[in-house]
Amino acid sequence: MRRLVRVFAASVALVGLCSSAYAETTQEIVNKAPNGLALTPPMGWNSWNKFACDITEETVRKTADAMVISGMRDAGYQYVVIDDCWHGKRDANGFIQADPVKFPSGIKALADYIHSKGLKFGIYSDAGRMTCGKRPGSQGHEYQDAIQYARWGVDYLKYDWCFTGDRNAKEAYALMADALRSTGRDIVLSICEWGTAKPWEWAKNIGNLWRTTGDIWDSFDKKHKEHDWALTVMAIVDINEPLWQHAGPGHWNDPDMLEVGNGGMTTAEYRSHFSLWAMMAAPLMAGNDIANMDEATRSILLNKEVIAIDQDGLGVQGRRVAKDGDREIWVKPLSGGGKALLLFNRGDRAVPIRATNEQLGVPANFKAKVKDLWAHKNLNRWSGAIEAVVQPHDVQMYRIQP
Ligand code: GAL
């Protein structure tokens, strides 16, 4: 009898659930709890910065192989994400298919291959009628696309904002978040509307990361000659830094994918780019040709101590605590009372930079171990201050751990 009552109660609850699902308003969808994913900033590789629309199945497979061989997977780079231009047409029932020439084995086989390497698989779509590369977008097909992604074994969706007309960004992203959640599969949602509608103010319960700026351009501080929407690393840093209080476990500011190794910057500039991304708890999505990277690129992307700063469990985005012309001091609080400290020289000549207890935000009696994260060396214990000569466009980065 008791069992019967339980079954009856469960059916009533189920009917209640179904009918309320029909009545669900956008606001209710928006208010739902986040998906519990990306408790540290997502790490992986994305095809766009290097391959743009020239992406093929072969390149993705080779990249996945290289991520294992190079040690990237074991260093935490988990998601292999195909960006724009993988799409073919929708089938007779409206389900999206891959471009049969560029992806002859289809997406399911590719996802299986990536999973067999101990990696996760990500894909790209757009909230408009078309993607930025003019492939089919997801508008009007949100639930159907989410089902297709789940069938394929997608673990991560980057969702872009081209050809969206007068769509409301919050509604459009909440709708896709709901579609993904409805599949029952764990899928990280990467919001890519370039910060236009200030997603840091509304996307915490919708997506796991949101772009805060337009597209990155592989340059430290020299503007692109034709495209004013392309932003240098320095321009992005200045937009993303003040948003630090909006980031946290499960919802990160995304200052765009890494350019490390793509050839437009010096080794020092790439070291700064990577260090600043780690200080800002940014998603670390490598954007280079992993199968053919040189030693300098490898030593930056695979610096496990810098990665650990990015991935620290406290999940606080670091910020600039002092600026004197080109001299900057950045601090990121770490779990266990530690701090990451970055001395950054934006200028063209070497300068000394000095940080003290005051900038570190610690009391006068603070004592701690100090490790130089690029020289991989233990230094003298912290006792009040540190000073170093920092080369042009370069950094000194330390973990200061009590
Ligand atoms: C842009 C996006 C880029 C890339 C590109 C693909 O809107 O910001 O990261 O995805 O579209 O066309």
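Some notes on this structure:
- Of all accessible heavy-atom area on region 319-401, the percent that carbon and sulfur account for (1.4 Å): 45
- With the simple spin-label model, which puts each label point 7 Å out from Cα in the Cβ direction, the Leu379 to Lys222 separation comes to 3.1 nm.
- Amide H partners (placed H, <5 Å) of Ala98, local residues excluded: Gly88, Ile107
- Taking all protein chains together and rolling a 1.4 Å probe, Leu175 ends up with roughly 50 Å² accessible.
- In this structure the amide hydrogen of Gly318, modeled in the peptide plane, comes within under 5 Å of the amide hydrogens of Met280, Ala281, none closer than 5 places in sequence on its chain.
- Backbone phi angles across region 355-371, fed through the Karplus curve with coefficients 6.51, -1.76 and 1.60 (θ = phi - 60°), yield HN-Hα couplings of 10, 10, 3, 4, 5, 6, x, 10, x, 4, 8, 5, 10, 7, 7, 10, 10 Hz in residue order; Gly and Pro are listed as x.
- Centre separation in Å (Cα based) which lies between region 286-331 and region 55-113: 27
- Between Lys120 and Tyr79, Val80, the built amide H atoms are under 5 Å apart, and every one of these is 5 or more places off in sequence or on another chain.
- Assigned charges on the beta-carbon of Lys, Arg, Asp, Glu; region 101-203 dipole about Cα centre (debye): 360
- Heavy atoms of Lys102: accessible area, 1.4 Å probe, square angstrom to 10: 40
- Highest-fluctuation residue, Phe163, Phe121, Phe344 considered, GNM on the chain with Cα pairs under 10 Å: Phe163
- Selected from Asn49, Asn208, Asn93 as most flexible by GNM, with the chain as the system and alpha-carbon contacts under 10 Å: Asn93
- Long-range lysine pairs (8 or more apart or interchain), region 119-208, Cα under 21 Å: 7
- For Val331, the accessible area of its heavy atoms, probed at 1.4 Å with every protein chain present, is near 10 square angstrom.
- Separation of the alpha carbons by more than 18 angstrom is noted, of Lys62/Lys117; Lys117/Lys304; Lys304/Lys371, for Lys117/Lys304.
- Sequence of Asp65, Asp221 when ordered by accessible area, the most exposed leading, probe 1.4 angstrom: Asp221, Asp65
- Percent of C-alpha pairs per 20 Å bin in region 2-310, short distances first: 33, 57, 10, 1.
- Counted over the chain, the DSSP beta bridges are approximately 60% antiparallel.
The values are calculated or read from the model by the stated rules, or taken from the named source; none is laboratory data. All values derive from a computational prediction rather than experimental measurement. Positions of Cβ are backbone-derived with ideal geometry, glycine not excepted, and every protein chain shown enters the neighbour counts. Areas reflect the complete protein model, heavy atoms only, side chains present, ligands, DNA and RNA absent. Shrake-Rupley method; radii C 1.70, N 1.55, O 1.52, S 1.80 Å.
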